[in-house]
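The values are calculated or read from the model by the stated rules, or taken from the named source; none is laboratory data. The structure presented is a predicted model; accordingly, all values stated were derived computationally and were not measured. Please note: Cβ atoms are built from the backbone with ideal geometry, for glycine as well, and neighbour counts cover all protein chains shown. The accessibility values were calculated without ligands, DNA or RNA, using every heavy atom of the protein model including side chains. Shrake-Rupley method; radii C 1.70, N 1.55, O 1.52, S 1.80 Å.
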Amino acid sequence: MTKIQAPPDKSFSKGLILLQHLALCEGPVGVSELAGNLGLTKSNVHRLLQTLMSHGFVHQDAKSRYSPTLRYWELGYEVWLQSRSGRAALDDADALALKTGCLVHITLADSRQEELVLFERIGLPVSHPMRRLWPTGARVPVWRIIGGWSDFVAFQIAYIAALPPETLASQEAAIRDHLKDTGITLQSVADRVAAARDCGYAENLGSGLDGVEGTASAFRNETGDPVGVISTIYDRGDRDAGDRTSIGKLNRLYAHSISRSLGYDDLN
């Protein structure tokens, strides 16, 4: 467990890290365990928990164990409703899912352009195992292969392709170091990025789940900055290479539509 990094007098930072830790715990947790995991004193943890309880973020059970309340979800839902980029993408995601018969994901970039956050999934049954694999709100690194996967996936490549070329160049040393012993080369990543720039969408050829393919295209805000990716997922056995190309072109078309909704018109 990562020890807390904030200076000892940064109570607000400690409280935020405690909130994040509680959200990731599988069940209620006691003060001693929390203190040990976060490298804090029990008195400090107890004081932070009491403050969080007073604001409705934490619940204490009969055994003096603590867990997060739905206040997290309430705030997250309000953020979801206010996300201009995400909301603009929803109608086009619905249309793309209907047009192609694919599952459709919307991922949004964080403010530092280092992670993509799963905003919404269209056409995914409740019982589908991908709900566990890709829960709403899951964060994916832009510049690293997702743990357990064999290569960068399409929505990572699509987002990188939409960034200025010098951004990828600035990450080359870190990517090359990350790719050691993976069998993937920096050149292969660069080639996929270049191909995505050329055709306007990236392809995923089973780099994560066996038998699953997909396409992805980034969309931009009014200043031309990529702010998210709309992507398709489908079973490989149900499609041929020609289908993949047509799905990719539709994917690109709907990404352009989202960009226009966000005020970006230079789509050439």
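Computed quantities for the displayed model
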{"item": "Within the stretch 14-130, helices (runs of 4 or more DSSP H) holding 2 or more residues that are open to solvent by 50 Å² or more (accessible area, probe 1.4 Å) and within 23 Å of residue 260 (Cβ to Cβ)", "result": "71-82, 84-100"}
{"item": "Helices (runs of 4 or more DSSP H) wholly inside the stretch 162-268 containing at least 2 residues that are open to solvent by less than 30 Å² (accessible area, probe 1.4 Å), under 22 Å from residue 118 (Cα atoms) and in contact (Cβ under 8 Å) with a residue 60 or more places away in the chain", "result": "241-261"}
{"item": "Residue selected from the stretch 137-161 under the condition part of a loop (DSSP other than H, G, I, E, B) and of a type in the set (Gly, Ala, Ser), by the criterion least open to solvent (accessible area, probe 1.4 Å)", "result": "138"}
{"item": "Pairs, first closer than 20 Å to residue 75 by Cα in the stretch 37-56, second of a type in the set (Val, Ile, Thr) and not in a helix (DSSP H, G or I), C-beta under 7 Å, six or more apart", "result": "49/58; 52/58; 56/69"}
{"item": "Enumeration of residues in the stretch 60-79 that are touching a residue at least 24 places away in the same chain (Cβ under 8 Å) and under 28 Å from residue 136 (Cα atoms)", "result": "61, 65, 66, 67, 68, 72, 76"}
